[in-house]
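Structure first, commentary second.
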Ligand SMILES: Cc1cc2nc3c(=O)[nH]c(=O)nc-3n(C[C@H](O)[C@H](O)[C@H](O)COP(=O)(O)O)c2cc1C
């Protein structure tokens, strides 16, 4: 599908332009460039130009059917053990682990590759306290006034209330912001695309990376979450999306006894 668009690299092609000294100098520089590309392990054959834009040759890892069976089963078993946790230990975690987790989340696909997310990591006790107090204030209003009877009924089995001590106890809070638009150096706005879908995907990968590392988290939404933008002094193009305490679970902790839907309930084959 990309035929005829591949960059022409043969010396013959270049030589057709070489009818003066200036061209010879240009060729010399081009050959130096080609050589340096090779030195950086970017052999020229590893990409093509499509409408002038570089497309890299992609070599995904290939597994046998048996290996795929094993890997898909193992990954399911790992993820099936994930639970939302609301009781945390304050045991320290090396920041590099949090950085690796966020790097993993930031591999998510995004609309037109705009990567419309910012992950704020909060370790500072004073800021965590401010977040806890503001979150509890919103949650109190939600439990007392905003949530419908049905919603409150649905929450009963989870045993949640407006108190959120884990927002101070967990060693880290990751606050995910979505960026509906970008602002350039001249102050002009540029829309991002499929922002909720993109940031939702990044958060899914974030949660799976946290679990894979052996840590626990809670997907927390003490809405409205504008207080997070104020406390963390975020720019005007960022909106709070999720608040995730991250850490080890408490020495003894309990999670609601709830079930996941069966495959038959969630899949329709065509
Ligand atoms: C978008 C979203 C928002 C959530 N908000 C909260 C929340 O504010 N507080 C809370 O305790 N749990 C919250 N949860 C966690 C859910 O209650 C939990 O995922 C669900 O009960 C299933 O449990 P599991 O995560 O252990 O499988 C939220 C989950 C999602 C996906």
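Readers should treat all values here as calculations from the given coordinates under stated rules, not as data from a laboratory. It should be emphasised that the depicted structure is a prediction, and the values quoted were computed from it without experimental measurement. Cβ coordinates were reconstructed from backbone atoms using ideal geometry, including for glycine residues, and neighbour counts include every protein chain displayed.
Given the stretch 83-257, what whole percent of its Cα pairs are spread farther than 29 Å?
Numbers: 3265 of 15225 pairs.
Considering the stretch 83-257, 21 percent of its Cα-Cα pairs are separated by more than 29 Å.
Need one number: nm distance between label points at residue 258 and residue 151, each 7 Å from Cα along Cα→Cβ, rounded to one decimal.
Taking the two extended label points, one gets 1.5 nm.
In nm, to one decimal, how far is the modelled label at residue 74 from the one at residue 190, with both set 7 Å along Cα→Cβ?
That separation, rounded to one decimal, is 4.1 nm.
Points 7 angstrom from Cα along the Cβ direction at residue 113 and residue 66: gap in nanometres?
3.8 nm
Could you compute the FRET efficiency for residue 49 and residue 197, with r as their C-beta to C-beta distance and R0 at 30 Å, rounded to 0.05? Before the final figure, lay out each step's value.
On the way: r = 30 Å, r/R0 = 0.99.
Step by step, r from the Cβ atoms, then E = 0.50.
Between residue 182 and residue 160, 0.36 nm times their residue separation minus their Cα-Cα distance comes to what?
On the way: separation 22, 0.36 × 22 = 7.92 nm, distance 3.64 nm.
The span from residue 182 to residue 160 would gain 4.3 nm if fully extended.
What is the Cα centroid distance between the stretch 178-202 and the stretch 80-149, reported in whole angstrom?
20 Å
Applying a 10 Å radius around every beta-carbon, put 212-222, 185-195, 104-114 in order of their mean neighbour count, most first.
212-222, 104-114, 185-195
Kindly state, to the nearest 0.05, the FRET efficiency for residue 270 paired with residue 129, given R0 = 51 Å and r defined as their beta-carbon distance. Mind showing how you got there, number by number?
Details: r = 52 Å, r/R0 = 1.02.
Working from the Cβ atoms, E equals 0.45.
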